[in-house]
Amino acid sequence: MSALPSFLCDEMLGRLCRYLRAAGYDTLFANGGDSDRALLMVCHDEGRHFLTQDQLVREHKAARGVALILPQGDLDHLALLLGTHFQLDWLSHAFTRCLVDNALLRPADEAELLRAPADALRPDEPLLCCPLCQRIYWRGSHYKRMHARLVRWQATLSAVGPSLQ
C-alpha cells in the first residue's frame, strides 16, 4: 500500500485544509505569512504537495512537481479536482486527525472522558482526543455535517470515475 499524500495549504485554502484533515490527510496550513519560497521548501523537505490558488507560484522553480494551483471555486468543486488528481479516498481514514493542529487522534483516556461534555458520551461511539491540544472529538452535529460532505465527495468521485483523470 502506498503512503497517503500529504499537503500544505496556503492561507486562501483554510476550509479545504480542514476537510483534508477531516478525511485523515496530513495537511499543514500556512497561516504565518511565510513566503511562497519558504512554503515550497517545506513541501520539498517533507514530501508535501503545495495547494494554492496563487497563480504567481508558477514563477518559482521550486514549484515544479510540488505545487498544484487550484482555480477559484467552491469547496465542493475544489474537492472534486483534488480527489481526482490525487485519487483521494475521502472516507477510509476520516476523522483520525485533529482539525485544529493536524495531530493524529487517539482514544480518550479515563481522565479525558471525565471532562467530556455530557452529550458527547454515547454507548458504542468512541471519544477521541488530540494529544497536542487536548481537544475531545465525538460524533455530534459538526461531525455529522462534515461526514455527510465527505460521503458526497466520495460518491461524486465514484460516479465520475476515470473520466476526469
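The values are calculated or read from the model by the stated rules, or taken from the named source; none is laboratory data. Quick caveat, the model's predicted, so the values are computed rather than measured. Backbone-built Cβ (ideal geometry, glycine too); neighbour counts: all protein chains shown. For the accessible areas, the whole protein counts, side chains as well, though only heavy atoms, and no ligand, DNA or RNA atoms are used. Shrake-Rupley method; radii C 1.70, N 1.55, O 1.52, S 1.80 Å.
Please tell me if ALA159 is open to solvent by 80 Å² or more (accessible area, probe 1.4 Å), over 18 Å from the mean Cα position of the chain (by Cα) and not charged (D, E, K, R). Walk me through how you get there before you give the answer.
Details: open to solvent by 80 Å² or more (accessible area, probe 1.4 Å): yes; over 18 Å from the mean Cα position of the chain (by Cα): yes; not charged (D, E, K, R): yes.
Criteria met by ALA159.
Yes or no: GLY32 farther than 22 Å from LEU150 by Cβ, touching a residue at least 40 places away in the same chain (Cβ under 8 Å) and surrounded by fewer than 17 Cβ atoms within 10 Å (Cβ to Cβ)? Can you show your working first?
Working: farther than 22 Å from LEU150 by Cβ: yes; touching a residue at least 40 places away in the same chain (Cβ under 8 Å): no; surrounded by fewer than 17 Cβ atoms within 10 Å (Cβ to Cβ): yes.
In short, no.
Checking the condition more than 15 Å from the chain's Cα centre (by Cα) and at pLDDT 95 or above, which residue from GLU59, GLU46 passes?
The conditions single out GLU46.
Evaluate the following for ARG135: is it under 18 Å from the mean Cα position of the chain (by Cα) and open to solvent by 80 Å² or more (accessible area, probe 1.4 Å)?
Working: under 18 Å from the mean Cα position of the chain (by Cα): yes; open to solvent by 80 Å² or more (accessible area, probe 1.4 Å): yes.
Taking the combined requirement at face value, the residue satisfies it.
Can you name the residue in region 1-28 that is free of Cβ contacts under 8 Å to residues at least 24 places away in the same chain and open to solvent by 40 Å² or more (accessible area, probe 1.4 Å) and, of all such residues, is farthest from the chain's Cα centre (by Cα)?
Ranking the qualifying residues of region 1-28, first place goes to MET1.
Could you list, in sequence order, the residues of region 100-132 that are surrounded by fewer than 18 Cβ atoms within 10 Å (Cβ to Cβ) and touching a Lys or Arg at 6+ places or on another chain (Cβ under 9 Å)? Show your work before the answer.
Keep residues of region 100-132 that are surrounded by fewer than 18 Cβ atoms within 10 Å (Cβ to Cβ), which gives 100-101, 103-104, 106-107, 109-126, 131-132.
Once the filter is applied, which keeps residues that are surrounded by fewer than 18 Cβ atoms within 10 Å (Cβ to Cβ) and touching a Lys or Arg at 6+ places or on another chain (Cβ under 9 Å), region 100-132 yields VAL100, ASP101, ALA103, LEU104, ALA120, ARG122, GLU125, PRO126, PRO131.
Just to be sure before I move on: is VAL151 open to solvent by 60 Å² or more (accessible area, probe 1.4 Å) and part of a loop (DSSP other than H, G, I, E, B) in the structure I sent?
No.
From the list TYR137, TYR143, pick out the single residue that is in contact with a Cys (Cβ under 8 Å, 6 or more places away or on another chain), aromatic (Phe, Trp, Tyr) and over 26 Å from LEU68 (Cβ atoms).
TYR137
Taking only region 113-163 into account, find how many residues are without any contact (Cβ under 8 Å) to a residue 12 or more places away in the chain and within 21 Å of ASP89 (Cβ to Cβ).
Total meeting the criteria: 9.
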